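Structure record follows, encoded as structure tokens.
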4 protein chains.
Amino acid sequence: MVIVMKLNSSPEQIENVNNRLQECGFQIQMIQGVKRIVIGAVGDRQSINTSTLETMPGVEKVLRIMKPYKMVCREVRGEDTVVQVGAAEFGGNRLAIVAGPCAVETKEQLYAAARAVQKAGATVLRGGTYKPRTSPYSFQGLEEEGLHLLAEAGAETGLATVTEVVDEESMRVAARYVDILQIGARNMQNFRLLRLAGQVKKPILLKRGLSATVEEWLMAAEYIVSSGNENVILCERGIRTFETSTRNTLDLSAVALVKTLTHLPVIVDPSHATGKRELVGAMSRAAVAAGADGLIIEVHPDPSMALCDGPQSLNPEEFDELMRRLHPLAVAVGREI
Amino acid sequence: MVIVMKLNSSPEQIENVNNRLQECGFQIQMIQGVKRIVIGAVGDRQSINTSTLETMPGVEKVLRIMKPYKMVCREVRGEDTVVQVGAAEFGGNRLAIVAGPCAVETKEQLYAAARAVQKAGATVLRGGTYKPRTSPYSFQGLEEEGLHLLAEAGAETGLATVTEVVDEESMRVAARYVDILQIGARNMQNFRLLRLAGQVKKPILLKRGLSATVEEWLMAAEYIVSSGNENVILCERGIRTFETSTRNTLDLSAVALVKTLTHLPVIVDPSHATGKRELVGAMSRAAVAAGADGLIIEVHPDPSMALCDGPQSLNPEEFDELMRRLHPLAVAVGREI
Amino acid sequence: MVIVMKLNSSPEQIENVNNRLQECGFQIQMIQGVKRIVIGAVGDRQSINTSTLETMPGVEKVLRIMKPYKMVCREVRGEDTVVQVGAAEFGGNRLAIVAGPCAVETKEQLYAAARAVQKAGATVLRGGTYKPRTSPYSFQGLEEEGLHLLAEAGAETGLATVTEVVDEESMRVAARYVDILQIGARNMQNFRLLRLAGQVKKPILLKRGLSATVEEWLMAAEYIVSSGNENVILCERGIRTFETSTRNTLDLSAVALVKTLTHLPVIVDPSHATGKRELVGAMSRAAVAAGADGLIIEVHPDPSMALCDGPQSLNPEEFDELMRRLHPLAVAVGREI
Amino acid sequence: MVIVMKLNSSPEQIENVNNRLQECGFQIQMIQGVKRIVIGAVGDRQSINTSTLETMPGVEKVLRIMKPYKMVCREVRGEDTVVQVGAAEFGGNRLAIVAGPCAVETKEQLYAAARAVQKAGATVLRGGTYKPRTSPYSFQGLEEEGLHLLAEAGAETGLATVTEVVDEESMRVAARYVDILQIGARNMQNFRLLRLAGQVKKPILLKRGLSATVEEWLMAAEYIVSSGNENVILCERGIRTFETSTRNTLDLSAVALVKTLTHLPVIVDPSHATGKRELVGAMSRAAVAAGADGLIIEVHPDPSMALCDGPQSLNPEEFDELMRRLHPLAVAVGREI
């Protein structure tokens, strides 16, 4: 930690800061700059609330040197975490393809989607059953009835399953039915839910928040891992920016960057990121080229009748074509599919 | 609702869209533009998932005409909602001043803060007891023990009290101790929590999410009101933008705008918005000048020892000065304080 | 400057960095952290391209301690710069009110606006003559003919005048007619124009770019001042964020912050910031409460017939009311108007 | 164009709007909604300043149906524009690879870079000679001397050349030396420069502004094309968002989207977008997978000695490896390189 003192800080102010640091167990080293004093403090940053240092008279700012996340950090653990779920592998050489409808609507709809995505090469079936919707007047999901359908459809097609959970109760119920629990973008900093996710015995798919920095996203993963669950799969799904011509802005640089910062697997959701069916194929290919470990894609037997997110859902033929075009690309970057 | 067809849409595609609209009970009217067809559809938008229209062949985009929120809309209810809590009034002519520490730490700290803010003119005491922290290694709050202290300090000073709740359990417990329940920025789209807030018998202080649009913020309020609780106080606390010289970007235009869109009261949190103690005074004055119905300000007896958010907390002398300087300004814009 | 070495940097890499720094005249000081080496480097940062240090093997990042701007920095010059233009004063105790139409359209239009704003208390007349328009098919301004009208209207009403310049030629021509030259948001980092502005003998009104950080904005001012022109007036006019319910997001915290960072005057443009006539009054009051040294407001005799920016223009009656309501507020914050 | 009237608009207000529209030559059609009137107006939008309609009493908002760009629009011209420069082709099946140093520094540096990128397969040499720098104290470029070196290096290696121009003079001079003129991100809305670019007889490389929407970017291209120059190459180079872990946020969805909106070629600059050398390879591959027509990449013989942008520059070996890994990927998406 480096403490930059103000231009006109007094010797007494500098001493006060030094004393405070030493009380907290830091070793200090003074750097006399051209115009100001800078204090290097070596020790355990957990032993002090660094932000309060910034309130001490004479202090201009505090620069933190160490990354705030530890257990998810690649510097701590070099080898990739691989999360194995049924036939799917997240973080290994083979790409994990998750696909299915935004929401479980009916048995017919779900089975049609499940069979189509299985046939085209997906290994995990997605389906929303507890839906976080912007409007209280929109369809909110079939809840446990949907989970039941999802588990059946998974069993029949041999696909692993994933669904979003939104609170303690939905997490408890869903953990009985599905293989992977998803924490959605809007709950990425629902810290209670993150702690509970650390105590559950299922892998967690952790979506990046709409306006979460890479560091905050990794800190959310740190919450889960430090609470006891190492099987975390990160998912980039677009961030909110000034650009409105796509639903969100897919941040593929973050995918390549995160692979250097953490050992956890990272997949990409091009459906929510773009909000436009016609861009999903190109962004799927770009994601794999950027180094993503997999994809999660919305597929609906009839997008024009979908109860949610129709405009970004592929129909079975479109998904089949996407998978066929993805194949040579995966090979070109040294991955299997 | 207006449906814009593509340049080269076929008569058959246009007919399909019309049929779909009519099946859902819409009356339609065709506008033959210079180059393309535009369809006006009159009816109840709830009766169709409008986004699926965009997936129909030949459709370019769908423009929505009506606002998606209803119960919180000023067009529906013209007169201001006034939320009365103890001596405080949110939305009336008198400004509501909420103040106190970021987190309840000890009895001494809380009582010192409570006495100071009461003396300076605040009418509501804030104090965090369930703290949503970015890092799992940071202080997480005293929970029920903190609520107990908060209730006592409120009773002793005659201040109403407010604390943040983060899940069903904290909401249930906090409702027994405090007068106002706060839903924080990171939970603004925790729709489960919003529904629960609609069923509780206490006013809700609803902070705007870091990257929530004004419309999404009002939709979050709509969740609460449509679930049965009309006593919602909105709070602007800064949005996330590219600018990092302040912690967030305080969006005062949104305050003025929201006062025209809804009948609910709106207050401003200059402490979280700026993250800098030296800007809190100026932004408090600006907020009141912009039309805010009140302020929520972090005050700590000794900010340099605070367990959280020290750099943005005022000490009692600074808060006292803020209140004194706010007084003539409130008068100048026709408000009492 | 502080250089943070990577966890696993080798002694040789550390020595290479030290050698490079010493060659450039820096004095170095090593801080042995718990896990990594940090190097403090004291000297003239101009003597090295610091970013290249980040490319040296073993270096993780370089933290800059000093602010990159010098001449505009309040640490360098404590007292406020006051720019005097005719009866207007920017940066003194009296607020400077600039008003007038977005674009000079006709003599009648301009004179009507000039008389109205002068009568209501403005001291500077604005009027665009070289208009930067998003579309090549929109009205582009009357150019020199407009400047001629502007100078006449100013002379007749006793108002100083300001117009936007967009390149060397328009700057050269406009300098002959008007009192203040404006550099618009889209040209804030047109560094050629900034250097030219440094050589002209007129005050410069420098608008903040749509996505410029506070530091970049001050660096743009540094370009002008370091090229020889000390009379720079900063103008906050809203930044681009995800929020679209207002045209831009007015960043009043930046105004309060900038007043602590620089000695230059800062005014606010609530018209462009909000894009909505009905918010201009509230944001004018908020700007003054936040500490702005003045305002620039669009006023048109008949906004519904304006050739540009009608929706955000006030008519004379609305501007008159704005000025009347601003008066007690200015007094309340210790300013004259 | 669709005009939405307010809930409580009066018959007289509606008639006034209709009259205004009819005076401007529009045919109108009224839609009586459940609660409000919506007016469809068919005609030439150029004949009215639509935004002024929004200022008319009773009008809530105006929705524009048509895209504001015409000549660059794919609906107007279906076939791809291919810009041929020397051996390079922008917009054809073969990818165009532009590479070279951020700034031309010395003959040795430039020649070393030119030979290296030519050998690895680039067909265009980049090199900055008029540098827009955030700080007035940074290296500003060799100007004409640099252009001379660039032209020589291009001639010797058989590479076409590109450099950035920043004003009328640099454009005039550079047009004598290089094959492609670049308009940088900070000048994307320097409309004077865009018009001049329309009159020059060289292809223009138009970078997207830091905070430019896709529509604004295409409107900037429209300025150039409508001024007479059809040879415009678009370049996505990252947008400014809240995320600071990369220099900018590379918006590859915009690349895929823009290919559907315009017939112009689009390339990607992964160097400026990420600001990090270690991400350039992955983002180059992702860009090609997303459908980009080419890449522009910074290569320096010794990045640690570069006068600008060292951290994002590749050395020759890194660029060579990038090209080798790009090859199978290009083939996988049906492109040549």
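For the reader, a short list of remarks on this structure follows.
- The mean number of Cβ atoms from other chains found within 10 Å of a Cβ in peptide A:220-226 is 2, as a whole number.
- Antiparallel DSSP beta bridges within the stretch B:83-332, as percent of all bridges there, nearest 5: 15 percent
- B:Ile267 long-range amide H proximity, modeled H, under 5 Å: B:Leu234, B:Cys235, B:Glu236, B:Asp293
- Helix B:252-261 vs. chain B, principal-axis angle (Cα, 0 to 90°, nearest 10): 60 degrees
- Set A:Lys259/D:Lys207; A:Lys276/B:Lys6; A:Lys70/B:Lys276 screened for pairs whose C-alpha atoms are more than 26 Å apart: A:Lys259/D:Lys207; A:Lys70/B:Lys276
- Comparing A:Asn49, A:Asn93, A:Asn18 in a Gaussian network model of chain A (Cα springs below 10 Å), the most mobile by mean-square fluctuation is A:Asn49.
- Residues of the stretch C:279-301 buried by at least 10 Å² of accessible area upon assembly of all protein chains, compared with the chain on its own (1.4 Å probe): C:Leu279, C:Ala282, C:Met283, C:Arg285, C:Ala286, C:Ala289, C:Ala290.
- Other protein chain Cβ atoms within 10 Å, averaged over every residue that makes up C:128-139: 5
- Protection proxy ranking, peptides C:26-39, B:264-277, A:199-212, A:151-164, average beta carbon neighbours within 10 Å, highest first: B:264-277, A:199-212, A:151-164, C:26-39
- Chain D, relative contact order [Cα under 8 Å, separation at least 6], %: 16 percent
- Protein heavy-atom surface of the stretch D:191-283, 1.4 angstrom probe: 44% of the accessible area is carbon and sulfur, with nucleic acids and ligands not counted.
- Measuring nothing but how far apart in sequence close Cα pairs (under 8 Å, 6+ apart) lie, relative to its length, the stretch B:2-63 scores a relative contact order of 48 percent.
- Residue by residue along C:61-69, Cβ atoms of other protein chains within 10 Å of the local Cβ number 4 on average.
- From the alpha carbon centroid of the stretch B:110-176 to that of the stretch D:1-68 is 52 Å.
- Summing Lys and Arg as +1 and Asp and Glu as -1 over all other residues whose Cβ lies under 10 Å from the Cβ of C:Ser9 gives a net charge of 0.
- Taking a ≥ b ≥ c as the square roots of the eigenvalues of the Cα gyration tensor, chain D is classed as prolate, since a/c reaches at least 1.5 and a/b is larger than b/c.
- Each copy carries a label point for A:Arg77 at 7 Å from Cα toward Cβ; from one copy, the others' points are 5.1, 5.5, 5.7 nm away, ordered from shortest.
- The protein assembly as shown shape via C-alpha gyration tensor axes, a/c threshold 1.5: rounded
- Heavy-atom accessible surface of the stretch A:2-63, averaged per residue, reaches 46 Å², computed with a 1.4 Å probe.
- Helices in chain B, meaning DSSP H runs of at least 4 residues, each add -39500 (n - 2.57). Divided by all residues, the mean residue ellipticity at 222 nm is -11000 deg cm²/dmol.
- Rounded to 10°, Cα long-axis angle of helix C:107-120 versus longest principal axis of chain C: 80 degrees
- Rounded tilt (10° steps) of A:277-290 against the dominant C-alpha axis of chain A: 50 degrees
- Chains D and C together bury some 4000 Å² of accessible area, summed over both sides, with a 1.4 Å probe.
- Phi-derived couplings, Karplus 6.51 cos²θ - 1.76 cosθ + 1.60 at θ = phi - 60°, listed residue by residue for the stretch B:100-105: x, x, 3, 10, 6, 10 Hz, with x used for Gly and Pro.
- Three-way shape call for the stretch C:2-63 based on the alpha-carbon gyration tensor, with the a/c threshold at 1.5: prolate
- Distance between the C-alpha centres of the stretch A:220-250 and the stretch D:234-284: 20 Å, rounded to the whole angstrom.
The values are calculated or read from the model by the stated rules, or taken from the named source; none is laboratory data. None of these values were measured; they are calculated from a predicted model. Reconstructed Cβ throughout: ideal geometry from the backbone, glycine too, with neighbour counts over all protein chains shown. Ligands, DNA and RNA are stripped out before the accessible areas are found, and what is left, the full protein with its side chains, is counted by its heavy atoms. Shrake-Rupley method; radii C 1.70, N 1.55, O 1.52, S 1.80 Å.
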